[in-house]
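The values are calculated or read from the model by the stated rules, or taken from the named source; none is laboratory data. Just so it is clear, the model here is predicted, and its values are computed rather than measured. Neighbour counts are summed over all protein chains in view; Cβ atoms, including those assigned to glycine, are modelled from backbone coordinates with ideal geometry. Please note that ligands, DNA and RNA were not included when accessible areas were found on the heavy atoms of the full protein model with its side chains. Shrake-Rupley method; radii C 1.70, N 1.55, O 1.52, S 1.80 Å.
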Amino acid sequence: MRVGESPGTDFSRYLVWTAFAVITLILKNFAANANGLNTIVVAVFFIFGIITLALMIRRYLRERSSFSEPSKKFMASLVNNIGFITLMIILMTVLRMMISYLQVTGKLPQFKNDDVTSSDQKVFIFNLIANVLIIAVQQQLVSTGFFFNYFFRKSSPASAVGGIIVSGLIAGAITLPGTWLQFFMNTVFGLCYAFTYLYTQDEKMPMFIAIIGALIGTIMI
C-alpha cells in the first residue's frame, strides 16, 4: 500500500503525467506521414519523449519505494505469473491479428491517429522505436502505474472493479482515438492491462504485455 499524499496533490500530478503522455503521442503522430518523416518533429518528439519518460519513471520509482510491500524483480514476477502472462500475450496477439485482418479485408476502417503506411523504411523504424520504447511505457505509467498509485487503493472487490473500468477508459482515451470504435478497442486493451496489474501487483507485467502488443501492432500495420 502506498503512503498516499493529499487527493488534490495526487490528482494534480496525475494530470501532469497524462499531459506528458498525450503531448508525446501528438508529436509522434505529426512526425510521420505517408510521404516520410518530418525530421524536425522527430527530433522534438525524441527530446520531449525521452525527458518526460525519464521524469515519469524517476517519480514512479520514488513513489513505489513508499509501498509497504517490497518491489518485485522482473524475472521473479514473470516466472510466478507465467501462465497468466502467457494467456494475456496470446489474447493481445489474437485481438490485434483480428483487427488487422478485418482492416485488410475492408470490414473495419483504418483508424485515425494509427501508424501510417509508407514505402519509406525509416517511417516503420521510427514507429517501432517510438511505440515500443516510449509510447507504450508512458501510457502504461499513466493508465495503470500512477493511476493505481493515486486512486482506487482500497483492498475491496468494488474498488478493484471500479479501478479496472476507469483505468480501461483512460487507456482508451489517451490513445487519442479518432472514432468510437477505436476508443472501444483501445479500452478493451486497457481493461486487460489493468486486470494484469491488479492480478500480479507489479507494474512491470502490464508494461511488458503492452510493449509486446505495441511491437505486434506496429509490425502488422
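When 31, 76, 21, 43 are screened for being small (Gly, Ala, Ser) and touching a strand residue (DSSP E or B) at 6+ places or on another chain (Cβ under 8 Å), only 31 passes.
Take the conditions open to solvent by 30 Å² or more (accessible area, probe 1.4 Å), in a helix (DSSP H, G or I) and of a type in the set (Ser, Thr, Tyr) and apply them to residue 199. Does it pass?
Judged against the criteria, residue 199 is a match.
Just wondering, is there one or more residues in region 207-219 that are modelled with pLDDT of 95 or more, closer than 29 Å to residue 6 by Cβ, of a type outside the set (Gly, Ala, Ser) and surrounded by 15 or more Cβ atoms within 10 Å (Cβ to Cβ)? Checking region 207-219: at least one residue is modelled with pLDDT of 95 or more, closer than 29 Å to residue 6 by Cβ, of a type outside the set (Gly, Ala, Ser) and surrounded by 15 or more Cβ atoms within 10 Å (Cβ to Cβ).
Table: residues versus (1) of a type outside the set (Lys, Arg); (2) open to solvent by 50 Å² or more (accessible area, probe 1.4 Å); (3) modelled with pLDDT of 90 or more.
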site	(1), (2), (3)
24	yes, no, yes
39	yes, yes, yes
52	yes, no, yes
59	no, no, yes
64	no, no, no
69	yes, yes, no
81	yes, no, yes
85	yes, no, yes
90	yes, yes, yes
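Look at (1) farther than 21 Å from residue 20 by Cβ; (2) in contact (Cβ under 8 Å) with a residue 24 or more places away in the chain; (3) among the hydrophobic types (A, V, I, L, M, F, W, C); (4) surrounded by fewer than 20 Cβ atoms within 10 Å (Cβ to Cβ) and you find that residue 161 fails only one, number (2).
Looking at the structure I just gave you, is residue 57 within 23 Å of residue 189 (Cβ to Cβ) and either part of a helix (DSSP H, G or I) or touching a residue at least 60 places away in the same chain (Cβ under 8 Å) (or both)? Judged against the criteria, residue 57 is a match. Hey, can you tell me all the residues within region 164-182 that are closer than 26 Å to residue 124 by Cα, open to solvent by 40 Å² or more (accessible area, probe 1.4 Å) and at pLDDT 95 or above? 173, the sole residue that qualifies.
From the list 215, 169, 181, 128, the lone residue that is within 18 Å of residue 27 (Cβ to Cβ), in a helix (DSSP H, G or I) and not polar (S, T, N, Q) is 128.
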